[in-house]
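Participant: Right, I'll just put the structure down here and ask away after.
The values are calculated or read from the model by the stated rules, or taken from the named source; none is laboratory data. Just so it is clear, the structure is predicted and the values come from calculations on it, not from any experiment. In this analysis, Cβ positions are derived from the backbone assuming ideal geometry, glycine residues included, and neighbour counts consider all displayed protein chains.
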Protein chains: 2
Amino acid sequence: MAGRNLDGPEADALDLGAVFRALADEHRRSVMTELATDRSDSERGCNSFDLPISKQTQTHHFRVLREAGLIDEIDYGNRKGIRLRRADIEKRFPGLLALLGAGPPADTAPR
Amino acid sequence: MAGRNLDGPEADALDLGAVFRALADEHRRSVMTELATDRSDSERGCNSFDLPISKQTQTHHFRVLREAGLIDEIDYGNRKGIRLRRADIEKRFPGLLALLGAGPPADTAPR
DNA sequence: CTTCAAGTACGACTTGCATCGTACCTGAAG
DNA sequence: CTTCAGGTACGATGCAAGTCGTACTTGAAG
C-alpha cells in the first residue's frame, strides 16, 4: 500500500497547538481550505495550489502541515503528492475542517 | 451601559486568521479553554486564570484576544472584567469552542 | 489627604518564523 | 551518458511576536 512515506503524528497524537499554529499562516490556511473544500480527497500535486512563494518556502509550509498531522506527503523522488488526512482530523477535531470553509463572509482577498 | 467598554470587531467581522493566530499561543489558548469549558459564561477577573507571566504580558494577551473578537474586556478603572463572546463566536465559527475542550487527551503540560 | 493593588503605556530585548539564495538530490526524457 | 524540472537541505536575513522593566493612571480603603 502506497501509504504515507513521510512520517507524521498518529491520529490520537494530533496537538491542537500545532494545528492552530499551522493554520495561523495565510498560505498554509489557503492550502487547507482548498483541500477541505474538495470532497473528493484526491491526491494533489504541490504546485497545484498556485502559491505566490518560492519552492523552498513551499517545502517549509508543507512540512509544517505534515508535522501538524493535517496532510500526508507522498514522496515520488522528483515529485510529491499531497493528501488531506480528513478522517484523522475529523476524528480528533470534529468540525475543524468545516471552519475553513466559513472563512471570510464574501471576499477572499488574502492580501 | 455596562456593555463592552473596549472596542472589538463586530460578530460578522471576525477574521479566521486573527482567531487562529490568537489561539496559537499556549497561554491565550489556556484562557480560552477555561472560558469555553465554563458554561455559565460569567464575568471573570483577569488574575483568575493563574497565568505564569507578568502583568504587562497578560495585558498584551488579553488585548490580542479582544482584538480577535473572542472576548470582551470591561474596564472598571483599577479592575477589569473578562467575558467570553460565546454567541458571536458560535454564530460565526460554529464548533470552534468545542475544539478547545478536545485539546490534549489528558495532560496540558505546555513545556 | 495618603496608601495600595490592579491595570496600562512605552520601550527594550529575545525568540520564533516566513522568506529566499545557493547547492545538492532524484527520476524522467533525449 | 547529459539535460532538465521538481523537490530538499542548509544557512542567512528580516520582521513579527512574546516577554519584562520602568513609570504612570485609576479607584478603593485607611
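Participant: Suppose we filter A:E26, A:E67 for residues that are closer than 26 Å to B:H27 by Cβ, touching a Pro at 6+ places or on another chain (Cβ under 7 Å) and within 14 Å of DNA strand C (Cβ to nearest atom); which single one remains?
Facilitator: Result of the check over A:E26, A:E67: A:E26.
Participant: Residues that are closer than 24 Å to B:L97 by Cβ and surrounded by 16 or more Cβ atoms within 10 Å (Cβ to Cβ): does the range A:34-47 have at least one?
Facilitator: Within the range A:34-47, one or more residues are closer than 24 Å to B:L97 by Cβ and surrounded by 16 or more Cβ atoms within 10 Å (Cβ to Cβ).
Participant: Within the range B:23-49, track down each residue that is among the small types (G, A, S), in contact with a Phe, Trp or Tyr (Cβ under 9 Å, 6 or more places away or on another chain) and more than 9 Å from chain A (Cβ to nearest Cβ).
Facilitator: Correct list: B:S30 only.
Participant: Here is a follow-up. Only residues that are more than 11 Å from DNA strand D (Cβ to nearest atom) and not basic (K, R): list them for the range A:37-64, please.
Facilitator: Listed by number, the residues that qualify are A:T37, A:D38, A:S40, A:D41, A:S42, A:E43, A:D50, A:P52, A:I53, A:V64.
Participant: So, one more: Among the candidates B:I53, B:I74, which residue alone is in contact (Cβ under 8 Å) with a residue 12 or more places away in the chain, among the hydrophobic types (A, V, I, L, M, F, W, C), loosely packed, with under 12 Cβ neighbours inside 10 Å and away from every other protein chain (no Cβ under 14 Å)?
Facilitator: B:I53
Participant: While we're here: Which pairs turn up if I take residues in the range A:19-31 that are more than 18 Å from A:E90 (Cβ to Cβ) and within 11 Å of DNA strand D (Cβ to nearest atom) and look for partners that are assigned to a helix (DSSP H, G or I) and of a type in the set (K, R) with beta carbon separation below 7 Å, at least 6 apart in sequence or on another chain?
Facilitator: Close Cβ pairs satisfying both conditions: A:A24/B:R21.
Participant: Going through the range B:78-98 one residue at a time, which ones are hydrophobic (A, V, I, L, M, F, W, C), surrounded by 15 or more Cβ atoms within 10 Å (Cβ to Cβ) and touching a residue at least 60 places away in the same chain (Cβ under 8 Å)?
Facilitator: Selection gives B:I89, B:F93, B:L96, B:L97.
Participant: Got a sec? Which of B:A102, B:A98 is at pLDDT below 95 and away from DNA strand C (no atom under 16 Å from the Cβ)?
Facilitator: Just one listed residue meets the conditions, B:A102.
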